[in-house]
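Have a look at the structure below, then the notes.
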Amino acid sequence: MHVVIINGSPRVPKYSNTEKIISSFAKGLSEKNVTFETYAISNRKTWDIIRDAYIKNEEILIALPLYVECVPGLLLEFLETLPQKDEHTRLSFLLQSGFAEGCQLRCGEAFLEKLPKYLGVRYGGCLVKGGNFGIRILDEEKQAQATKPYQAMGRLFAEGDGFFREEAKKFTGPEYYPLPIRLITGLIFKILAKKMFQKAAASWGCQVPLDEKVWEIKEFNDFPKK
Amino acid sequence: MVLIIDTTTKHIGKRIAEELLRSGKNAAGFEVIDTTGMHISHCVGCNYCWLKTPGVCAIQDDYEPILRKMSSADQVWLVSDTHFGFVSWQTKNIVDRIMPLVTMYLKFKDRQMRHVMRYHHQPDIGIIYTGEGDQAYLERWCQRTALNLGSRSLGVFSESSKKEAVSCML
């Protein structure tokens, strides 16, 4: 098997969480002697090359971050440039997000399930996983830890059944967090996470509160709360 | 205020506005933004609007005035062509870049993690589309998008049902 892996993130690979995930996933492919080539759509100048790889190969995997419940606008634009192919080509997806629960990614997954039909190709399943927001800001060792589970998914994909196996479905984790976890996490958000985010922001040069109302036009905030 | 953001190649926003005027029911006022000729980039996912310049997008193009209007509108109607049964990439770019309206802070609402809104007021969202839109999917996506803004979906209407859409406008 030879897989064309397309990073559908608008971020340049250096800062892309999806890219880190792809690296780990590809290690799993290599362990099973599956070869691959990787591309990233963030640089429009490479779109002709990526499209050519899409046309010439039959095993395509698009890895992407969830952007407002679906595919990022830039990836949609790229997808519109792809020609129709036939069912000899299989198109699979790896959909990742910042929000951790499975339920957050289902709307995006539903779009991806139907997309191959529009392109005339076969659907190879969608690996769905949240909780990836901070990967790019971790040091190398922690990045490796955070993305290691994707290596196992690379090995699984190498076996040829796309992402239809039970292991791939379980990989998502909980659809919703149970109430005790929500209560504890909610408390952490209120107390610790705010300080943590503010600290991270300070390291990026931010000098204002993260909930700053920059357009503090009086009437905006005079609206009754919904 | 009703804000109609038209990215369609047929510029149907104008006709929707005419229909709204004819209906004589628009008390809240409206504005049509036709994005033809505007430079509106895709979201690059830099997270600056959350962590470096909270509430401000790092991309300097024609988008910010639109976002300001979206933020103060009562209703935002996305008027879009469709591809793959979904909104066009031009409309998706407009939606992807609403991130300055939410903060990095998180909370649980209705069992799900959500971002805390930056402003108290959020617009409700509706879609009017041309072409072969996947009605059921667009409705689902519109509801989820509104959920992200802490608001509600106004519904999804094909171009031929624009009168129904207009009847939902303020």
Column: log10 I(q)/I(0), Debye, Cα scatterers of chain B, q = 0.12, 0.20 Å⁻¹:
-0.52, -1.42
In the calculated pair distance distribution of the range A:76-226, what percentage of Cα-Cα distances lie above 26 Å?
48 percent
Would you mind ranking B:ARG97, B:ARG144 by Cβ crowding within 10 Å, fewest neighbours first?
B:ARG144, B:ARG97
Total formal charge among the other residues, if their Cβ is under 13 angstrom from that of A:GLU113, Lys/Arg +1 and Asp/Glu -1
+3
Obtain the nm distance between the two label points defined at A:ASN43 and A:GLU140 by a simple spin-label model: each point lies 7 Å from its Cα along the Cα-to-C-beta direction.
2.2 nm
Got the relative contact order for chain A handy, in percent, Cα pairs under 8 Å and 6 or more residues apart?
21 percent
Treating only the Cβ atoms of Lys and Arg (+1) and Asp and Glu (-1) as charged, compute the dipole magnitude of the range A:2-170 about its Cα centre; round to the nearest 20 debye.
180 debye
What does the net charge come to around A:SER42 if you take all other residues with beta carbon closer than 13 Å to its beta carbon, with K and R at +1 and D and E at -1?
+2
Counting other chain Cβ atoms within 10 Å of each Cβ in B:50-63 and taking the mean gives 4
If the chain between A:GLU80 and A:TYR15 were fully extended at 0.36 nm per residue, the gain over the current Cα-Cα distance would be 20.9 nm
A:ILE55: net charge of surrounding residues, Cβ under 12 Å, Lys/Arg +1, Asp/Glu -1, itself excluded?
-1
Separation in nanometres of the label points that stand 7 Å from Cα toward Cβ, at B:MET1 and A:ILE191:
4.3 nm
Given the DSSP H assignment, sum -39500 (n - 2.57) over each helix run of at least 4 residues in chain A and divide by its residue total; what's the result at 222 nm in deg cm²/dmol, nearest 500?
-12500 deg cm²/dmol
Cα centroids of the range A:158-185 and the range B:86-112: how far apart, whole angstrom?
23 Å
Angle, helix B:135-148 long axis vs. longest principal axis of chain B, Cα atoms, 0 to 90°, nearest 10?
40 degrees
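Given a cut-off of under 8 Å on Cα pairs at least six residues apart, what relative contact order in percent is computed for the range B:2-167?
23 percent
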Distance from the Cα centre of the range A:8-43 to that of the range B:1-69, in angstrom?
34 Å
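Kindly identify the range A:179-222 as rounded, prolate or oblate by the Cα gyration tensor criterion: order the square roots of the eigenvalues as a ≥ b ≥ c, call it rounded if a/c is under 1.5, otherwise compare a/b with b/c, prolate if a/b is larger, else oblate. It would help to have the intermediate numbers written out before the result.
On the way: a/c = 4.94, a/b = 1.38, b/c = 3.58.
Judged from the Cα gyration tensor, the range A:179-222 comes out oblate (a/c at least 1.5, b/c at or above a/b).
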By how many nm would the segment from A:MET1 to A:LYS213 lengthen if fully extended, with 0.36 nm per residue of separation less the alpha-carbon distance?
71.1 nm
Of B:MET113, B:GLN90, B:THR53, whose Cα points farthest to the positive end of the dipole of chain B (charges on the beta-carbon: +1 Lys, Arg; -1 Asp, Glu; origin at the Cα centre)?
B:MET113
Residue by residue through B:114-125, how many Cβ atoms from other chains fall within 10 Å of the Cβ on average?
4
If you take the alpha carbon radius of gyration of the range A:1-122 and divide it by 2.2 N^0.38 Å, what ratio comes out, to two decimals?
1.00
In the range A:120-177, which GluC sites (Glu not before Pro) fall in coil by DSSP and have 16 or fewer other Cβ atoms within 10 Å?
A:GLU159, A:GLU175
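If you restrict to DSSP beta bridges whose two residues both lie in the protein assembly as shown, what percentage is antiparallel, to the nearest 5?
Percent antiparallel among DSSP bridges in the protein assembly as shown is about 15.
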Per DSSP helix of 4 or more residues, -39500 (n - 2.57); summed, then divided by the residues of chain B. What does that give at 222 nm, rounded to the nearest 500?
-8500 deg cm²/dmol
In vacuum, with every alpha carbon of the protein assembly as shown counted as one equal point scatterer, what does the Debye formula give for log10 I(q)/I(0) at q = 0.10, 0.14 Å⁻¹? Two decimals, please.
-0.67, -1.31
Low-density loop positions, GluC sites (Glu not before Pro), the range A:64-100 - DSSP coil, at most 12 other Cβ in 10 Å:
A:GLU80, A:GLU87
Would you mind ranking B:LEU21, A:LEU156, A:LEU91 by Cβ crowding within 10 Å, fewest neighbours first?
B:LEU21, A:LEU156, A:LEU91
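Every read-out reported here was derived from the displayed coordinates using simple, explicitly stated rules and does not represent laboratory data. None of these values were measured; they are calculated from a predicted model. Every residue, glycine among them, receives a Cβ derived from its backbone with ideal geometry; neighbour counts consider all protein chains shown.
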